[in-house]
Ligand code: SF4
Ligand code: SF4
């Protein structure tokens, strides 16, 4: 069945697919508890630790988790002012569709197969799952690094009730050159493979409301008005990587947002033009705020 699963995933353009056990992941609990102790848990994360380490709290009869990588790198675009992961159409929809296709395919092959598929907003820790499923290894910058596509990868997973044989984690880390630590504009990365999200420029660029002076200073250290790619761009594991093989991430790309355009259009028009883009989820106001801070005009 695992062979059939992999073949089907490959036919959808998914080259890296693996299986993580259904846990509970007690080693992950320790990491999450440490993060809470350091007050590193952000409001973008699931609150309940047990839900994060135990798939059966989401799907009662969970027996394994199918994990897939979706590379999105299309090259380094000098003039861009948004994060690389937002160049294409909103990855949530593209990935959710492919995961559903896999789930429905398995339903047709396995009696009483049930599943729940997630991208980004699920209860489990997707990078941990990708590591457990043998799809990559951890960088100090906390990203999962894949041997072929580097760390510019999205992760999707399917909790399900079929006992697929687990894959083995790759027992290594990044080369630990610490370039990401040195280059991080918020000094958010520590050498114990942890990040303080509240000092992370990507988090700050998506945070609602008024920013503190420290947050504004961090934002001004780069020109991206949405996200931050620095700790990935400087990583030696991201040199010589392959560009994405996924058609949906190659077409219909936007590399920059224009300040004058943003200023001129209404919220309604902004939604009409950009609702299918990941950079639009916080709305026009946040993007304009970031522009103004970076241009130092507020
Ligand atoms: S995304 Fe940017 S700010 Fe956040 S940890 Fe990486 S380099 Fe630092
Ligand atoms: S930049 Fe260096 S230390 Fe940071 S993740 Fe990459 S290899 Fe590891």
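Here, each number is a calculation from the coordinates, and none is a lab measurement. Every value quoted in this text rests on a predicted model; they were computed, and no experiment measured them. Glycine also receives a Cβ, built like all others from the backbone with ideal geometry; neighbour counts cover every protein chain displayed.
Brief remarks on what is shown
- Rounded if a/c under 1.5, otherwise prolate or oblate - the stretch 2-160, Cα gyration tensor axes: oblate
- Ranked by how many other Cβ atoms sit within 10 Å of their own Cβ, fewest first, the residues 87, 72 fall in the order 72, 87.
- Neighbour counts of C-beta atoms inside 10 Å place 237, 92 in the sequence 92, 237, starting with the fewest.
- Descending by average beta-carbon neighbour count within 10 Å, the peptides 188-197, 132-141, 208-217 line up as 132-141, 188-197, 208-217, the highest first.
- Looking at the chain, the pairs of alpha carbons with a distance over 36 Å make up 17% of the total.
- Annotation: the antiparallel percentage among DSSP beta bridges lying fully within the chain is about 90.
- Here the residues 265, 145, ranked from fewest to most Cβ neighbours within 10 Å of their Cβ, fall in the order 265, 145.
- Over the chain, relative contact order from alpha-carbon pairs under 8 Å, at least 6 apart, %: 24 percent
- Helix 284-294 vs. the chain, principal-axis angle (Cα, 0 to 90°, nearest 10): 60 degrees
- Protection proxy ranking of 167-177, 279-289, by the mean of other Cβ atoms within 10 Å over each peptide's residues and highest first, is 279-289, 167-177.
- Note on the chain: helix-only mean residue ellipticity at 222 nm, from DSSP H runs of 4+ residues weighted -39500 (n - 2.57) and normalised by residue number, equals -9000 deg cm²/dmol.
- Folded to 0 to 90 degrees: helix 2-11 orientation relative to the chain principal axis, Cα: 40 degrees
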